[in-house]
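Quick note: the coordinates plus some simple rules give every number you see, no bench work behind them. Since the model is a prediction, treat every value here as computed from it, not as a measurement. Note that we place each Cβ from the backbone using ideal geometry, even for glycine, and neighbour counts take in every protein chain shown.
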Amino acid sequence: MSDFKFKVTKHIGVLSEGSKGWRKELNLISWNDREPKYDIRDWAPERAKMGKGVTLSDTEVAELKRLLAE
């Protein structure tokens, strides 16, 4: 598995929290020094570990918002 870098550039909010402290968060994250994208994933307490997630561009977030409003 290759190394990667990430930086949470903006914490937007917590969607839910599990019984073991893992939180599903919506953040803007810069992966490998690229332009930040919206990211939804589970995080262990203190962001020590991360689960699999979904990363969305601005266009994809706008389309998701449109779909949810229908």
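Quick check on the range 44-70: of everything there that is small (G, A, S) and within 16 Å of the chain's Cα centre (by Cα), which residue is nearest to K7 (Cα to Cα)? Give the derivation first.
We begin by selecting, within the range 44-70, every residue small (G, A, S); these are 44, 48, 51, 53, 57, 62, 69.
Next, from what is left, pick out any that are within 16 Å of the chain's Cα centre (by Cα): 44, 48, 51, 53, 57, 62.
Numbers: A44: 16, A48: 13, G51: 16, G53: 15, S57: 16, A62: 23 Å.
Here the answer is A48.
Could you list, in sequence order, the residues of the range 51-63 that are within 16 Å of G13 (Cα to Cα) and of a type in the set (A, V, I, L, M, F, W, C)?
V54, L56, V61, listed by residue number.
Restricting the search to the range 10-44, which residues are within 19 Å of A62 (Cβ to Cβ) and of a type in the set (S, T, N, Q)?
The answer is N27, and nothing else.
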